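The next block holds one structure in the form of C-alpha cells; read it before the comments.
The values are calculated or read from the model by the stated rules, or taken from the named source; none is laboratory data. Here the structure is a predicted model, which means the values were calculated and not measured. Virtual Cβ from ideal backbone geometry, glycine too; neighbours counted across all protein chains shown.
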C-alpha cells in the first residue's frame with residue numbers, strides 16, 4: 001500500500017502564449033529588388049499552398065512590419081500554426097522566376113524580444 005505522504009503531483013507548464021512572432025529576411029539571387037508589403041506576404045502564402053494546400057493558406061498570420069530597404073518583415077502567427085508556417089517558409093525557393101530564400105532571423109512568443117538583437121549590437 002502506498003504511503004499518502006509520498007504522493008506527489010506533477011505539473012507541466014506549456015507555453016501559454018497565444019501568438020508567436022517571427023522576424024524574416026528575404027534574400028534574392030540577383031540582389032536588391034523593390035518589393036512592397038503585399039508582395040512579401042504573397043511570397044509567404046505561395047510557400048504555404050504547395051505544402052499544405054488550401055488548409056495551409058488558411059493559417060492566420062499577420063505581417064506587422066515590413067522594411068522594403070532591407071526586405072525584412074515581422075510576422076505574428078497563432079502558436080498552433082507556427083510549425084506549419086515555419087516549415088513552409090523554409091521551402092520557399094523562388095519569386096517571379098528568380099531564386100530566393102526566406103530566412104527566419106528571430107522568433108519569440110514575446111514581441112518585445114524582437115526589438116533588439118544582441119548579435120547585431122554595436123557598442124562603438
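In region 42-68, what count of residues is obtained for those that are surrounded by fewer than 18 Cβ atoms within 10 Å (Cβ to Cβ) and either touching a residue at least 24 places away in the same chain (Cβ under 8 Å) or closer than 17 Å to residue 100 by Cβ (or both)? Within region 42-68, residues that are surrounded by fewer than 18 Cβ atoms within 10 Å (Cβ to Cβ) and either touching a residue at least 24 places away in the same chain (Cβ under 8 Å) or closer than 17 Å to residue 100 by Cβ (or both) number 11. Number of residues in region 74-124 that are part of a loop (DSSP other than H, G, I, E, B) and either within 13 Å of the chain's Cα centre (by Cα) or within 16 Å of residue 45 (Cβ to Cβ) (or both): the value is 6. When only residues in region 13-41 that are free of Cβ contacts under 8 Å to residues at least 40 places away in the same chain and under 14 Å from the mean Cα position of the chain (by Cα) count, which is surrounded by the most Cβ atoms within 10 Å (Cβ to Cβ)? Here the answer is 40.
All conditions in (1) closer than 25 Å to residue 29 by Cβ; (2) at pLDDT 90 or above hold for residue 51, with the sole exception of (2). Quick check on my filter: what residues within region 21-46 are more than 10 Å from residue 95 (Cβ to Cβ) and modelled with pLDDT of 90 or more? Of everything in region 21-46, those that are more than 10 Å from residue 95 (Cβ to Cβ) and modelled with pLDDT of 90 or more turn out to be 21, 22, 23, 24, 25, 27, 36, 37, 38, 41, 44, 45.
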